[in-house]
Amino acid sequence: MSRFWSKKVHSLKPYVPGEQPQLENLIKLNTNENPYAPSPKVLEAISKATNESLRKYPDPNGLGLKQTIADYYDLDLNQVFIGNSSDEVLGHAFQALLKQDQPLLFPDISYSFYPVYCRLFGINYQQIPLRADFSIGIDDYQSEGGAVIFANPNAPTGLALDLHKIAELLEQNTDRLVVIDEAYADFSEHSAVGLVQRHANLLVVQTLSKSRALAGLRVGFALGQADLISGLERVKNSFHPYALDSLALAGAVAAFDDDAYFKKHCSMIIDTRDRFSQELKQLGFEVLPSAANFVFAKHKSKPAKDLFEDLRKEAIIVRYFDKPRLDNYLRISIGTDKEMQTLLNKLGLILNQDNFST
Ligand SMILES: *Cc1c(COP(=O)(O)O)cnc(C)c1O
């Protein structure tokens, strides 16, 4: 605390990211990073862009990347917004679009950054409880209130809302903006990008951090009709006009260009996830059906907190949330087959020891 802090700073409750310990031989399954390297073409593009032209500012509009994304999703250039991570893109969306007189609606269990932004930007919000099975009930969003934001697939549950439900939500609420945070959509079959042309009240936010293995590069984007995008541009150009550096722009274009690499690695992660979920069930876990690159699971007898701590002793880090409704679950990112097998072996030993000691 400091007497030089503004009033605002006193009132903030910053987001706490998953830990990034710098230990060797750690199996790190706590922040949903991709276990595979980025495409070699991405690394090559970044190396090529690492030259004397770093002297100059990057293109403030990032036209090359915008055009690449527009072509990839069959959208117009003015339907694409790019930012320095999707957290930043979300931040601009909160300021440009979600700060309204009516409270912003989002699920009580979703990306924990949303209430953080609301406090930072002074946005009223109302949290709508997920149903007992952790699903989002679209009828629960018919009440009074303004815009809606949620992650789909949701985090940390991994559950996806079907595309036809999203279309229904958009049609029932044409006067309400719906922002869908699709950080994990590439691991599911439920991306709403195809609905952008038809629905003026939809903004889709995505990131290259998870499915394209580029969490370190910090690139995110939003897709929506041109008027929504130009609102985001107004905020961005009032804050950080050169949001994406030259290396990030070059790497991100290459990531979309190497579609074969992207698709191959997404399907590897999906296969590992589905096999791993089955194996967890064999060990006595209840596993929510995941459409993401992580699973959310609880054991039938051993508390999640104990499992989390026992795994840590074995140099395996998963995510544990000490929060109501979540505190008996572990969120486990999907790593390589080998990492998941090591985790399963350790879990088997940990659970077995308990059997003998009780
Ligand atoms: C990881 C994540 C983000 C942030 O992604 P960045 O682009 O790395 O900032 C946003 N939303 C959700 C739901 C996420 O899980």
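Given the Cα-Cα distance of Ala315 and Glu286 and 0.36 nm per residue of separation, how much length would full extension add, in nm? Before the final figure, lay out each step's value.
On the way: separation 29, 0.36 × 29 = 10.44 nm, distance 2.34 nm.
Computed gain between Ala315 and Glu286 is 8.1 nm.
Could you sort the peptides 116-123, 148-155 by per-residue average Cβ neighbour count (10 Å cutoff), highest mean leading?
Working: 116-123: 16.8, 148-155: 24.8.
My ranking of the peptides, most packed first, is 148-155, 116-123.
Taking 30 Å as R0, compute the FRET efficiency from the Cβ-Cβ separation of Gln127 and Asp227 and round it to 0.05. Can you show the working numbers first?
Values: r = 28 Å, r/R0 = 0.93.
The computed FRET efficiency comes out at 0.60.
Counting Lys and Arg as +1 and Asp and Glu as -1, what is the net charge of the other residues whose Cβ lies under 12 Å from the Cβ of Lys281?
Details: positive: Arg275, Lys298, Lys300; negative: Asp274, Glu279, Glu286.
Charge balance in the 12 Å sphere: 0.
Do any of Lys264/Lys313; Lys281/Lys302; Lys264/Lys298; Lys28/Lys281 go past 24 Å between their Cα atoms, and which? Intermediate values should be presented prior to the final figure.
Details: Lys264/Lys313 33 Å; Lys281/Lys302 14 Å; Lys264/Lys298 30 Å; Lys28/Lys281 21 Å.
Flagged as over cut-off: Lys264/Lys313; Lys264/Lys298.
Helix 226-236 versus the longest principal axis of the chain: what angle, 0 to 90°, nearest 10, using Cα atoms?
Compared with the principal axis, the helix lies near 80 degrees.
Could you work out which residue, out of Ala132, Ala291, Ala70, moves most in a Gaussian network model of the chain, that is, has the largest mean-square fluctuation with Cα springs under 10 Å?
It is Ala132.
Could you sort Ser6, Ser39 by accessible area so the largest value comes first, with the probe set to 1.4 Å? Working shown, then result.
Values: Ser6 60, Ser39 5 Å².
The ordering from most to least exposed comes out as Ser6, Ser39.
Place a point 7 Å from Cα of Lys13 in the direction of its Cβ. Which residues in the range 76-119 have their backbone N less than 16 Å from it?
106-119, by backbone N distance to the label point.
How big, on average over all directions, is the shadow cast by the Cα convex hull of the range 54-141, in nm²? Before the final figure, lay out each step's value.
Working: hull surface 33.8 nm².
Over every viewing direction, the Cα hull of the range 54-141 projects on average to 8.4 nm².
With an 8 Å cut-off on Cα pairs and a minimum separation of 6 or more residues, tell me the relative contact order of the range 40-258 in percent.
Numbers: 382 pairs, mean separation 67.7, N = 219.
This gives 31 percent for the range 40-258.
Return an integer: the convex hull volume of the alpha-carbon atoms of the range 161-209, in Å³ per residue. Each step should come with its number before you reach the end.
Values: hull volume 3.3 nm³, N = 49.
Spread over its residues, the Cα hull of the range 161-209 gives 68 Å³ apiece.
Considering only protein heavy atoms, with the full assembly of protein chains and a 1.4 angstrom probe, order Val42, Val235 by accessible area, largest first. Mind dumping the intermediate values first?
Working: Val42 0, Val235 30 Å².
Output order, biggest surface exposure first: Val235, Val42.
With everything on Cα atoms, drop me the angle between helix 246-257 and the longest principal axis of the chain, reported from 0 to 90° to the nearest 10.
Roughly 70 degrees between the two axes.
In what order, largest first, do Met340, Met268 sit by accessible area if the probe radius is 1.4 Å? Intermediate values should be presented prior to the final figure.
Values: Met340 5, Met268 65 Å².
Final ranking, largest accessible area leading: Met268, Met340.
How large a share of the accessible area of the chain, in percent, is made up of carbon and sulfur atoms when the probe is 1.4 Å and the other protein chains stay in place?
Values: 8660 of 17030 Å².
Result for the chain: 51 percent of the exposed heavy-atom area is carbon or sulfur.
Keeping all protein chains in place, calculate the accessible area per residue for the range 219-345 (probe 1.4 angstrom), answer in Å².
Numbers: 5580 Å² over 127 residues.
Heavy-atom SASA per residue in the range 219-345 reads 44 Å².
Classify the range 1-99 from the C-alpha gyration tensor, please: rounded if a/c falls under 1.5, else prolate or oblate depending on whether a/b exceeds b/c. Spell out each step's value before the answer.
On the way: a/c = 1.72, a/b = 1.20, b/c = 1.43.
Judged from the Cα gyration tensor, the range 1-99 comes out oblate (a/c at least 1.5, b/c at or above a/b).
Summing Lys, Arg as +1 and Asp, Glu as -1, what charge do residues with Cβ under 13 Å from the Cβ of Lys210 carry, Lys210 excluded?
Net local charge, Lys210 excluded: -2.
Run a plain Debye calculation on the range 160-270 (Cα atoms as equal point scatterers, no solvent) and give log10 I(q)/I(0) at q = 0.11, 0.19 Å⁻¹, rounded to two decimals, same order as the q list.
Calculated log10 I(q)/I(0) at the listed q: -0.41, -1.10.
Report the local net charge at Leu343: Lys and Arg +1, Asp and Glu -1, summed over other residues whose C-beta lies under 14 Å from its C-beta. List each step's numbers first, then the result.
Values: positive: Lys28, Arg273, Arg275, Arg312, Lys313, Arg319, Arg331, Lys338, Lys346; negative: Glu279, Asp310, Glu314, Asp337, Glu339.
Its environment carries a net charge of +4.
On average over all directions, what projected area in square nanometres does the chain have, based on the convex hull of its Cα atoms?
19.9
In whole Å, how far is the Cα centre of the range 82-130 from that of the range 135-193?
Centre-to-centre distance over Cα atoms comes out at 14 Å.
Between Arg55 and Phe239, what's the calculated FRET efficiency when r is the beta-carbon distance and R0 is 30 Å? Round to 0.05. Please report the intermediate quantities before stating the final value.
Working: r = 24 Å, r/R0 = 0.79.
Approximately 0.80, to the nearest 0.05.
Looking at the range 200-358 from every direction and averaging, what is the projected area of its Cα convex hull in nm²?
Values: hull surface 50.6 nm².
Directional mean of the projected Cα hull area for the range 200-358 stands at 12.6 nm².
With the Cα gyration tensor of the range 31-74 giving a ≥ b ≥ c as the square roots of its eigenvalues, does the rule (a/c under 1.5 for rounded; else a/b larger than b/c for prolate; else oblate) give rounded, prolate or oblate? Please list the in-between numbers first.
Numbers: a/c = 2.07, a/b = 1.16, b/c = 1.78.
Oblate shape, in that a/c is at least 1.5 and b/c is the bigger or equal ratio.
The values are calculated or read from the model by the stated rules, or taken from the named source; none is laboratory data. As the structure is a computational prediction, the values presented were derived from the model and not from experiment. Cβ atoms come from the backbone with ideal geometry, glycine included; neighbour counts cover every protein chain shown. With ligands, DNA and RNA removed, areas are computed over all heavy atoms of the protein, side chains included. Shrake-Rupley method; radii C 1.70, N 1.55, O 1.52, S 1.80 Å.
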